[in-house]
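Single-structure report; data block below.
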Amino acid sequence: MGLTLSEQILSHSAGRTVHAGEFVVVEPDVVMSHDSLTPSIIKIMREEIGVEKIKHPERLVIVFDHVVPPSTVATADSQNLVRQFACDQGVRLFDVGRGICHQVLVEEGIASLGKIVVGADSHSTGYGSVGAFGTGMGSTDVALIWATGKTWLRVPETIRINFVGSFSPGVDAKDLALKLCRELTISGANYMAIEYHGLDWLPLPGRQTLASMAVEMGAKVGIIPPTGILPDLYHSPDWLFVDDSAEYSKTLTINVDSLQPQISIPHAVDHVCDLSDVVGTPVNVVFLGTCTNGRYEDLNQAAVILKGKRIADGIRMIVTPASSREMARASADGTITTLVEAGAVITTPGCGMCMGRHNGTLGDGDVCLSTANRNFKGRMGAPTSQIYLASPAVAAATALHGRITDPRIL
């Protein structure tokens, strides 16, 4: 019997062949945490587990991205504590302004093909964009990995998604991700792996969008096979490949040629419909950014639509690049200038207003069109606010008109 990509990666780490449903103890190759949760992980390791020294500090990565720069004295103190801890323990730390943890680990080549990458963040599924077994864990689980170097996992069953065709103008990977949420629902892949097939043509940024949003369907992992561009970007281990005899719990086919722009409406990610169903809905905030859609390609896509124009009166458009590298690239070719001249506000690379803690928190009754990954009630601020999720092109078109707009009609 063949093996899925998840089974191959976990088998390689465990030193034996494992299949879906089995429990396995592995040593993660990379363990990531960020500024918001690292203080609690430190406390758990020291006070509850009773360990002072990290087992394998070279495997750890800490990234400051959730509230950067710090918005309160308490947040600043917590970040200072983490800086000192990282220095004392010999842990790699990417400080304020470097970018979102998931983007940074991919840019730095820390997350790569065949590795097990565990993160103290649910969107760690994003590492599957480069063929890694990327998954999120809670603070206690991460603290135990810090202390022992090991963790246990249940080998997930796998859903195979076969994509046929390619995008038509005005449609991109965000629409594809939302379409999957619509098809599988928010719990349709609970503790399962999703494998995305037929995307050899899809560039890395689009793959990151898809893999990041796998968790929005309940998935433990979302992996795009090491085909197409990936072997050119990363060394591909001989033992990791698409096994035609692998067994999948479910197979779904999506026709990309006929895909229309999609939008998630309040207050659930899988509450998805065709964009045309809500065109004309007034908004007053547009957010472009996050680990889902904060890369150069996303910013540039918005800039092309906004070039030489101004966003609508009364609209607040907030743009948060995913990393310093993406921001520099967007600055070099005038993308950032175009966005600023159109009326957008550019903030420090990082998570930005995604979780409603700073850089544009939503107030009572605000309606936001966001390129982020979640639109739960109160996610970005006031529980009376509303969040629609869509692509960068829809975000730019909406900012231009002050109401949800199909970019294909511009």
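The values are calculated or read from the model by the stated rules, or taken from the named source; none is laboratory data. Just so it is clear, the structure is predicted and the values come from calculations on it, not from any experiment. We place every Cβ from the backbone using ideal geometry, glycine too, and count neighbours over all the protein chains shown.
Against the condition out of contact with any Phe, Trp or Tyr (no Cβ under 7 Å at 6 or more places or on another chain) and of a type in the set (S, T, N, Q), how does Ser78 come out, does it pass? Yes. Taking the numbered list (1) touching a helix residue (DSSP H, G or I) at 6+ places or on another chain (Cβ under 7 Å); (2) touching a residue at least 60 places away in the same chain (Cβ under 8 Å); (3) farther than 23 Å from Gln208 by Cβ in turn, Lys377 passes all entries but (1).
Let's see how each residue does on (1) in contact with a His (Cβ under 9 Å, 6 or more places away or on another chain); (2) closer than 23 Å to Thr361 by Cβ:
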{"residue": "Ser36", "(1), (2)": "yes, yes"}
{"residue": "Ile54", "(1), (2)": "no, no"}
{"residue": "Ser122", "(1), (2)": "no, yes"}
{"residue": "Ala132", "(1), (2)": "no, no"}
{"residue": "Gly136", "(1), (2)": "yes, no"}
{"residue": "Thr140", "(1), (2)": "no, no"}
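With Thr227, Thr148, Thr135, Thr209 as the choices, which residue is at pLDDT 95 or above, surrounded by fewer than 23 Cβ atoms within 10 Å (Cβ to Cβ) and either under 24 Å from Ala302 (Cβ atoms) or hydroxyl-bearing (Ser, Thr, Tyr) (or both)? Quick ask: steps written out before the conclusion?
Values: Thr227 fails: at pLDDT 95 or above; Thr135 fails: surrounded by fewer than 23 Cβ atoms within 10 Å (Cβ to Cβ); Thr209 fails: surrounded by fewer than 23 Cβ atoms within 10 Å (Cβ to Cβ).
Going through Thr227, Thr148, Thr135, Thr209 in turn, just one is at pLDDT 95 or above, surrounded by fewer than 23 Cβ atoms within 10 Å (Cβ to Cβ) and either under 24 Å from Ala302 (Cβ atoms) or hydroxyl-bearing (Ser, Thr, Tyr) (or both): Thr148.
Taken residue by residue, the range 269-282 has at least one member that is modelled with pLDDT of 95 or more, small (Gly, Ala, Ser) and surrounded by fewer than 24 Cβ atoms within 10 Å (Cβ to Cβ). When the residues of the range 308-329 are filtered to those that are touching a strand residue (DSSP E or B) at 6+ places or on another chain (Cβ under 7 Å) and of a type in the set (Gly, Ala, Ser), the one that is surrounded by the fewest Cβ atoms within 10 Å (Cβ to Cβ) is Ser324. Scanning the range 25-37 for residues that are outside any loop (DSSP other than H, G, I, E, B) and buried (at least 18 other Cβ atoms within 10 Å of the Cβ) gives Val26, Val30, Val31, Met32, Ser33, His34. Residues satisfying the criterion are absent from the range 102-121 (criterion: within 22 Å of Arg154 (Cα to Cα) and part of a helix (DSSP H, G or I)).
Given the condition outside the structural domain of Glu107 (by TED's automatic domain parsing), small (Gly, Ala, Ser), outside any strand (DSSP E or B) and surrounded by 15 or more Cβ atoms within 10 Å (Cβ to Cβ), answer yes or no: does some residue in the range 233-251 qualify? Among the residues of the range 233-251, not one is outside the structural domain of Glu107 (by TED's automatic domain parsing), small (Gly, Ala, Ser), outside any strand (DSSP E or B) and surrounded by 15 or more Cβ atoms within 10 Å (Cβ to Cβ), which makes the answer no. With respect to the stated conditions, Leu81 is in contact with a Pro (Cβ under 8 Å, 6 or more places away or on another chain), part of a helix (DSSP H, G or I) and farther than 29 Å from Ala268 by Cβ.
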